[in-house]
Amino acid sequence: MTILRLENVGIVVEDLKATIAFFVELGFELEGEMRVEESWAARISGFDEISLDVAMMKTPDGHACLELMRFHTPAAVHTEPANAPANALGIRRILFSVQDIDGMVAGLRARGVELVGELTQIEDSWRFAYVRGPEGIIVALAEQIG
């Protein structure tokens, strides 16, 4: 048994449009949107019934997707503070390799996106920044420099 590849990461959100816009700003492509109300989706999710809007966001390299989901039935549940810190249990951040991290951070800040901490350099090899997007999603940006 072997995993072949990462297909997608699912993120449940309340404001689907704002989250789509955030990831488009990062360079993702909206591959498509649809409403899902099928019994198979309810069965694999462990629900009696299901209704949700889904947006598939293709990574800039075309190798994977983010699946953004806004649930109608059953309603989404809050399990932690909206702006949980980076050390909260569970999936906490998504990291993307970027070019021109300074330009990307400046562009995001101009649109109101805030840094979680500081833009930081690790020796002569990498520069990192954590930004917080809609729904409290932490996105790590990493630029290899050495």
For this session: Specify, per residue and in Å³, the volume enclosed by the convex hull of the alpha carbon atoms belonging to the stretch 93-144.
Result: 67
Exercise. Mind checking the alpha-carbon convex hull of the chain and giving the volume per residue in Å³?
Worked result: 147
Exercise. Given Cα pairs under 8 Å that are at least 6 residues apart, what percent is the relative contact order of the stretch 93-144?
Worked result: 44
Exercise. Cα-Cα pairs above 21 Å in the stretch 8-73: how many percent?
Worked result: 24
Exercise. In the chain, which longest range has no trypsin sites (Lys or Arg not before Pro) that are both DSSP loop (not H, G, I, E or B) and surrounded by at most 13 other Cβ atoms within 10 Å?
Worked result: 6-110
Seminar exercise, completed: Mean separation of Cα contacts under 8 Å (at least 6 apart) over the residue count of the stretch 8-73, i.e. the relative contact order in percent, is 42
Exercise. To the nearest 10 degrees, how steep is helix 101-110 against the longest Cα principal axis of the chain, on a 0 to 90 scale?
Worked result: 60
Exercise. For the chain, what proportion of DSSP beta bridges, expressed in % and rounded to the nearest 5, is antiparallel?
Worked result: 75
Seminar exercise, completed: Expected vector for the stretch 74-90, Karplus 3J(HN,Hα) from phi with 6.51, -1.76, 1.60 and θ = phi - 60°, integer Hz, x for Gly and Pro, equals x, 5, 5, 10, 8, 10, 7, x, 4, 10, 4, x, 5, 9, 5, 4, x
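Does the stretch 46-103 come out rounded, prolate or oblate, given a ≥ b ≥ c as the square roots of the eigenvalues of its C-alpha gyration tensor, rounded meaning a/c under 1.5 and, failing that, prolate meaning a/b above b/c?
On the way: a/c = 2.92, a/b = 1.43, b/c = 2.04.
Verdict is oblate for the stretch 46-103.
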For this session: Return the distance in nm (one decimal) between the two label points of a simple spin-label model at His78 and Ala18, each offset 7 Å from Cα along Cα→Cβ.
Result: 1.3
Exercise. For the Cα atoms of the chain, what angle does the longest principal axis make with the long axis of helix 16-25, in degrees from 0 to 90, nearest 10?
Worked result: 30
Exercise. So what's the back-of-envelope 222 nm ellipticity for the chain, counting only DSSP H runs of four-plus at -39500 (n - 2.57) apiece and dividing by all residues, rounded to 500?
Worked result: -5000 deg cm²/dmol
Problem set entry | Debye, to nearest 20: dipole size of the chain, +1 on Lys, Arg Cβ, -1 on Asp, Glu Cβ | 140
Problem set entry | Under-5 Å amide H pairs with Ile11, H placed in peptide plane, nonlocal only | Glu67, Leu68, Met69
Exercise. If you count the DSSP beta bridges with both ends in the stretch 65-146, what percent of them are antiparallel, to the nearest 5?
Worked result: 70
Exercise. How long is the gain from Ile122 to Ser51 if the chain were fully straight, where each residue apart is worth 0.36 nm and the alpha carbon distance is subtracted?
Worked result: 21.1 nm
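Coordinate-derived values only; no laboratory data. Because the structure is predicted, anything quoted here is derived from the model rather than measured. As a convention, Cβ positions derive from the backbone with ideal geometry for all residues, glycine included, and neighbour counts pool all protein chains shown.
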